[in-house]
Amino acid sequence: MVHLKNTAIMKNTVTTVIFLSLFWNYSRAQTIHIGQDGEQIKQIIELTTRSHNRPDSYGNRASSRAVWDVRYQDGQVSEVIQCFYNQYLVDFQIIADFCKYYVMNNGKLSYVLTQYENVSLSDLRKHFNNSYKERKVEDYYFSEDFRHYSKLYLHQNGLATVEWRINNPLNLPSSVKENLERKTKALEQEQRRYEEAEKLRLIKENEIKSKIYDLQEYSPNQYKQTLLTQKGAILNFFKNTNNFPSYESFLKEKIKYKRFTNVYNVNYRLIDNRTESQNYGSAIVLGSGSIKSEMNATLVSGTDKDLRLLRSASIMIPRIYIEGVEVMTEATINNLKVDFTRGLTEVKINNGDVKFKKYSPEEDLQSVIANKIKEESNGRFLVKYEVSEIMGEREVKVETEKIARKGIKVLNTVGGIAVLGALLYFGSN
């Protein structure tokens, strides 16, 4: 359906805007102003009428139709008329038939009449009263800058009419002029107060924005969530077999485990590289840029001198609001300890007593692994284990596969591992 925004409602200029949707993926806007040359207005009206009636690429036409006409006097354009039938009015939310009359004086636009065939004067007034409120003075409805006004009346032809003119105080009734002066002074004072308040608000906002806020101090809950996010990113690092050996890779190695132990100090800081949109009157330059997260880290102890873990597990910390203003943050994690071990071992369990028979884990890990598997039934087991301690929180994961009996090849399919006796022989007591 084609939507035409009702141009009887006043702005600094009269704008005919055709919104085309569903069948029309197209929009066009042309500006008409008081004092404009009649030939220019004629060209604009002719163009917008053709655009309105033109079918889309699929041959579909809008449900409403537009027609136009032009009248001349003494060789000059004296009036341009544009009518719409079965047109949906966005402001009224009704379908209406109406015509706009662009009336010239000496070839220049003097005023505009909009006449509605199936909209009553009372309905028209209700809409204008709701829209203008503080800018209504008696029967006059003024634009936001009070440079133009509309007047509503029943024309001698019986149609509800909106007359749009430039505001010339000399042509206004004295009561309207006095009332208008009071209103404009009040609005000017209100505007000055608003501009002062806005100026102070921007000063305070810029002052708030000029700082970077410690997340732990200003938003402890989000800081805790950041620690969890960091921990998750670190665990994901070890899940990637390009970063850390898989269980399968241990089958080819003499040592059946790998341990990673490092301690870091890390600081994350948000840097705002965004620029705001700028309105230059004739053009609006949209803002650009993004928010970047900077990480600065040092190795306190360990072997990860290139900070490979943190470069892979770097995170984006959240922004927060201070007094309703979005601000950049920083988060520091000192003594971030990462201790992660993955490995294979063979154990024998007898009534809860766990003995490591082959490929024993490092001594400080044996008890935590044994506690995880001591409830298994008696016998020999192949054990896959992961023991991690990240930021003071320990997690132990084990998977066990019972070894049927000694002396034959063993096939272990837990987690997709194939362990053949030729590669990993499980000896006796």
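The values are calculated or read from the model by the stated rules, or taken from the named source; none is laboratory data. Just so you know, these numbers come straight off a predicted model, no measurement behind them. Cβ placement follows ideal geometry from the backbone for every residue including glycine, while neighbour counts extend to all protein chains displayed.
Scanning the stretch 232-266 for residues that are assigned to a loop (DSSP other than H, G, I, E, B) and in contact with a Phe, Trp or Tyr (Cβ under 6 Å, 6 or more places away or on another chain) yields a count of 3.
Residue-wise test of (1) surrounded by 14 or more Cβ atoms within 10 Å (Cβ to Cβ); (2) modelled with pLDDT of 95 or more; (3) not in a strand (DSSP E or B).
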residue: 30; (1), (2), (3): yes, no, no
residue: 49; (1), (2), (3): yes, no, yes
residue: 52; (1), (2), (3): yes, no, yes
residue: 56; (1), (2), (3): yes, no, yes
residue: 60; (1), (2), (3): no, no, yes
residue: 68; (1), (2), (3): yes, yes, no
residue: 79; (1), (2), (3): yes, yes, no
residue: 82; (1), (2), (3): yes, yes, no
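Residues in the stretch 144-152 include none that are crowded, with 17+ Cβ neighbours inside 10 Å and part of a helix (DSSP H, G or I). Could you please let me know if residue 341 is of a type in the set (Ser, Thr, Tyr), farther than 30 Å from residue 381 by Cβ and either surrounded by fewer than 16 Cβ atoms within 10 Å (Cβ to Cβ) or touching a Lys or Arg at 6+ places or on another chain (Cβ under 7 Å) (or both)? No: the conditions fail for residue 341. Note on the stretch 231-262: among residues that are of a type in the set (Lys, Arg) and within 38 Å of the chain's Cα centre (by Cα), the one that is nearest to residue 393 (Cα to Cα) is 231. If you go through the stretch 202-231 and pick out every residue that is surrounded by fewer than 13 Cβ atoms within 10 Å (Cβ to Cβ) and either part of a helix (DSSP H, G or I) or aromatic (Phe, Trp, Tyr) (or both), you end up with 10. Of all the numbered requirements in (1) crowded, with 21+ Cβ neighbours inside 10 Å; (2) in contact (Cβ under 8 Å) with a residue 60 or more places away in the chain; (3) farther than 25 Å from residue 261 by Cα, residue 348 misses one, and that requirement is (1). Among the numbered conditions (1) modelled with pLDDT under 90; (2) surrounded by 12 or more Cβ atoms within 10 Å (Cβ to Cβ); (3) under 30 Å from residue 341 (Cα atoms), the only one that residue 183 does not meet is (3).
Scanning the stretch 153-180 for residues that are closer than 18 Å to residue 117 by Cβ, buried (at least 17 other Cβ atoms within 10 Å of the Cβ) and free of Cβ contacts under 8 Å to residues at least 60 places away in the same chain turns up 159, 160, 161, 163. Counting just the residues of the stretch 112-127 that are among the charged types (D, E, K, R) and under 26 Å from residue 166 (Cβ atoms), which one comes out surrounded by the most Cβ atoms within 10 Å (Cβ to Cβ)? Out of the qualifying residues, it is 125.
Okay, residues lined up against (1) closer than 30 Å to residue 169 by Cβ; (2) β-branched (Val, Ile, Thr); (3) over 40 Å from the mean Cα position of the chain (by Cα):
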residue: 62; (1), (2), (3): no, no, no
residue: 108; (1), (2), (3): yes, no, yes
residue: 120; (1), (2), (3): no, no, yes
residue: 128; (1), (2), (3): yes, no, no
residue: 139; (1), (2), (3): yes, no, yes
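Close Cβ contacts (under 6 Å, 6 or more residues apart or on different chains) running from residues in the stretch 366-384 that are within 11 Å of residue 398 (Cβ to Cβ) and at pLDDT 95 or above to residues that are of a type outside the set (D, E, K, R) and assigned to a helix (DSSP H, G or I) comprise 384/247. Here is the figure for the stretch 167-201: residues that are closer than 30 Å to residue 139 by Cβ, out of contact with any Pro (no Cβ under 7 Å at 6 or more places or on another chain) and in a helix (DSSP H, G or I) total 23. Just so you know, in the stretch 323-337 the residues that are surrounded by 15 or more Cβ atoms within 10 Å (Cβ to Cβ) and not in a loop (DSSP other than H, G, I, E, B) include one that is nearest to the chain's Cα centre (by Cα), and it is 327.
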